[in-house]
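What follows is a set of notes on a single structure, which appears directly below.
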Amino acid sequence: MATIIGGVATTHVPSIGKAIAEKKYKDPYWRPFFDGFNYVHSWLSREKPDVAVVFYNDHGLNFFLDKLPTFAVGAAAEYRNEDEGWGIPVSQSAPGDPDLSWHLINSLVADEFDVTMCQEMLIDHAVTIPLQLIWPDQAFPVKIVPVEINTVQHPLPSLKRALALGRSIGRAIESYPKNLRVMMIGTGGLSHQLDGKRAGFINKEFDKLCLDKIVDEPEALTRYSIHDWVAESGAQGVEFLNWMAMRGALTGRVREAHRNYHIPISNTAAATAVYTNEKEVGQKAA
Ligand code: DHB
Ligand code: FE
């Protein structure tokens, strides 16, 4: 049966792609951010996942404002990136796992999440930058299932709904008969606002609260409405919905194994975290 090993969550600011291309790992501006990945790399070299389910928001490469699903699941054999206009190199493609994708889609719809299913799907910087950070200087060693959550055009799903979506995916993976080691990835955030009067807004105290609560009490965060979240975390801080879904998919005893928080990367409060997922005592072996 498939096993969920844990999750990695990280910021997806496009300028990171340029810094990677220019190998600025030791540059004083970038070092405190890139150093936050050393733990991720050593954890993955021990855990050796086969597949990553990636919760992210598309910024207009695959879906635009005219047609924007609240939740969409990729079911392709390969996911390509294209030039998004940020001046960063186009990424290599990521391999897919259509069998696992269809299992998740079937389970989600049976569980009353009426997702959009995408047999073709371009992946934007919200997927490619985290993959490049997690697996630097190498071909991506895992297959992916991208799960898009709308954080761009209101109305957005609630934090409660994103957590429930993740939980449904966690249950689906545990019922998957193949012997796969599965990791979750959640991308975006933390607090940031790119436009309007509050452009550049960052809220360190609120980010800390989010990083603390997401480990043991993710429900506590669901009392915030999306509008509360914009007020506390900025218009783009709502990308935390991807972190909530990632957390929801961790079905066992969750431990924060690593946290790096650094202000700012571009306009964003950058955070990287690793959460391990261990079976609860008495939990049925998956
Ligand atoms: C920035 C942050 C984002 O989440 C994004 O998608 C694009 C840009 C930034 O801080 O520059
Ligand atoms: Fe973004």
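One table, with the values for the structure above:
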quantity: Loop sites in region 141-234: trypsin sites (Lys or Arg not before Pro), DSSP, at most 16 other Cβ within 10 Å; calculated: LYS178, LYS197, ARG198, ARG223
quantity: The chain - mean residue ellipticity at 222 nm from DSSP helices (-39,500 (n - 2.57) per run, n ≥ 4, rounded to 500); calculated: -9500 deg cm²/dmol
quantity: Cα centroid separation - region 202-274 against region 35-59, whole Å; calculated: 17
quantity: Of all DSSP beta bridges in region 1-154, antiparallel share, percent nearest 5; calculated: 40
quantity: Environment charge at LYS143 (Cβ cut-off 11 Å; Lys +1, Arg +1, Asp -1, Glu -1); calculated: -4
quantity: Dimensionless Rg ratio for region 52-91, taking C-alpha atoms and the 2.2 N^0.38 Å reference; calculated: 1.28
quantity: Over region 1-102, relative contact order from alpha-carbon pairs under 8 Å, at least 6 apart, %; calculated: 27
quantity: Residue-span extension gain [ASP137 to ASP83] - 0.36 nm each, minus C-alpha spacing; calculated: 17.5 nm
quantity: Under 29 Å from LYS279, Cα to Cα: lysines that are on another chain or at least 8 residues apart; calculated: LYS48, LYS143, LYS160, LYS178, LYS208, LYS213
quantity: Principal axes of region 157-286: Cα extent on each, largest first, Å; calculated: 51, 27, 23
quantity: Of all DSSP beta bridges in the chain, antiparallel share, percent nearest 5; calculated: 50
quantity: Sites ALA21 and ILE263 - FRET efficiency at Förster radius 30 Å, r taken between beta-carbons, to 0.05; calculated: 0.80
quantity: Estimated dipole of the chain in Debye, rounded to 20 [Cβ of Lys and Arg +1, of Asp and Glu -1, Cα centre]; calculated: 720
quantity: Rg ratio (alpha-carbon, reference 2.2 N^0.38 Å) - region 177-248; calculated: 1.24
quantity: Along principal axes, Cα extents of the chain, largest first, whole Å; calculated: 47, 41, 41
quantity: GluC sites (Glu not before Pro) within region 213-286, DSSP loop, no more than 12 other Cβ atoms inside 10 Å; calculated: GLU280
quantity: Estimated vicinal HN-Hα couplings, Hz - region 200-206 in sequence order (Karplus 6.51, -1.76, 1.60; Gly, Pro = x); calculated: x, 5, 9, 10, 4, 5, 5
quantity: Contact order relative to length of the chain, as percent, for alpha carbon pairs under 8 angstrom and 6 or more apart; calculated: 31
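Taken together, the values in this text are just the output of simple stated rules run on the coordinates, not laboratory data. This structure is a prediction, so every number in the text was calculated from the model and none was measured. Neighbour counts run over all protein chains shown; Cβ positions are idealised from the backbone, glycine included.
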